[in-house]
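What follows is a short report on a single structure.
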Amino acid sequence: MTDADERARRGSSFGAVASTYAELRPGYPEAAVRWCVAPTGKDIGSLRVLDLGAGTGKLTALLAGLGADVTAVEPDPAMLGELRRGLPSVRALAASAEQIPLPDASADAVLCGQSMHWFDMPRALPEIARVLAPGGTLGALWNSDDDRVPWVARLQEVAEGAASPSLYRRRNEVAAFAAEHMDAGPFAPPDAAEFPNSHLLTAETLTELIGTHSQLLVMAASERDRLLADIGAYLASRPETAAGQFELPLVTSAMRAVRQG
């Protein structure tokens, strides 16, 4: 997405479905999180971690469970409300990536789960560098549907690009994002990795989950209803998804960069 107004419109759309987002969106593999913070050379349980663009706390919960000292920052009131309800013991602040309310060098790692592409990076990246201690890591994680699986590839077609990005599309987007935003400044050149992931769903809950994606949220209601009906009919027609629970195959793409200086 290159249009700033469209990015802002879509990026601010999630609050309308905050409770569904909290219930149905997938989490992240522990291995991916550990990989993101590994360059610090410290055990994750001893790290001060900022979860930036924390949403409803999918990544926050994992970090807290691993023993990290977590601060969550999220600008959307409804999303932040879900995070605070689910994780009342975690420090959670209402703020944006462009104005982080933390002191200089106060974090050992900044992690962004499914959020960095919504930031205004020319403003956010200096703020992230400011709050990171030298040698700290910036990590980003994105979940993608594994379209190497035939029924998932067909789901991508039925969803007309409005579902979670396919792995093929995500690889291209992450590479382009890194080249545009991470090729200079206070960070070393980034590394990238992929981690297997999956999500237990039914045809009904997968359809609801797809309805929490921004492209659908900003559609006209009639078009959104038509597309979700098509997705539901497709899932009901497939032997892999028609009867009861199934595992949606996902891949978590991760990027990390070390704060220099």
Notebook entry, point to check: What is the gain in length, in nm to one decimal, between Ala31 and Asp120 on full extension, counting 0.36 nm per residue of separation less the C-alpha to C-alpha distance?
Noted result: 29.2 nm
Margin query: Taking the 0 to 90 degree range and rounding to the nearest ten, how far is the long axis of helix 221-237 tilted relative to the main principal axis of the chain, both from C-alpha atoms?
Written below: 70
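With a 10 Å Cβ neighbour count serving as the proxy for reagent exposure, in which order, fewest first, do Ser115, Ser19 appear? Numbers along the way, then the final one.
Details: Ser115 21, Ser19 15.
Sorted ascending by nearby Cβ count, the order is Ser19, Ser115.
Using Cα pairs closer than 8 Å and at least 6 residues apart in sequence, work out the relative contact order for the chain, in percent.
Numbers: 497 pairs, mean separation 60.5, N = 261.
23 percent.
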Item checked: At R0 = 35 Å, FRET efficiency that the Cβ-Cβ distance of Asn172 and Trp151 yields, to 0.05 -> 0.95
Note to self: For the pair Asp104/Arg238, report the inter-label distance in nm, with labels modelled 7 Å from Cα in the Cβ direction.
What the structure shows: 5.2
Note to self: Going by amide H atoms built from the backbone, whose H comes under 5 Å of the H on Val70, apart from near neighbours?
What the structure shows: Val49
Notebook entry, point to check: Most fluctuating residue of Gly81, Gly135, Gly41 in a GNM of the chain with Cα springs under 10 Å: which is it?
Noted result: Gly41
Next item on the list: Could you pull out which residues in region 64-103 have an amide N less than 17 Å from a spot 7 Å beyond the Cα of Asp43, following the Cα-Cβ vector?
Entry: 64-70
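Is the shape of region 222-261 rounded, prolate or oblate, going by the alpha carbon gyration tensor and its root eigenvalues a ≥ b ≥ c, with a/c under 1.5 for rounded and a/b larger than b/c for prolate?
It is oblate, given that a/c is not under 1.5 and a/b is not larger than b/c.
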Item checked: Given charges at beta-carbon only (K, R positive; D, E negative), |dipole| of the chain in Debye -> 440
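No value in this document is a laboratory result; all are computed from the given coordinates. Keep in mind that this is a model prediction, so the values were computed, not measured. Neighbour counts are summed over all protein chains in view; Cβ atoms, including those assigned to glycine, are modelled from backbone coordinates with ideal geometry.
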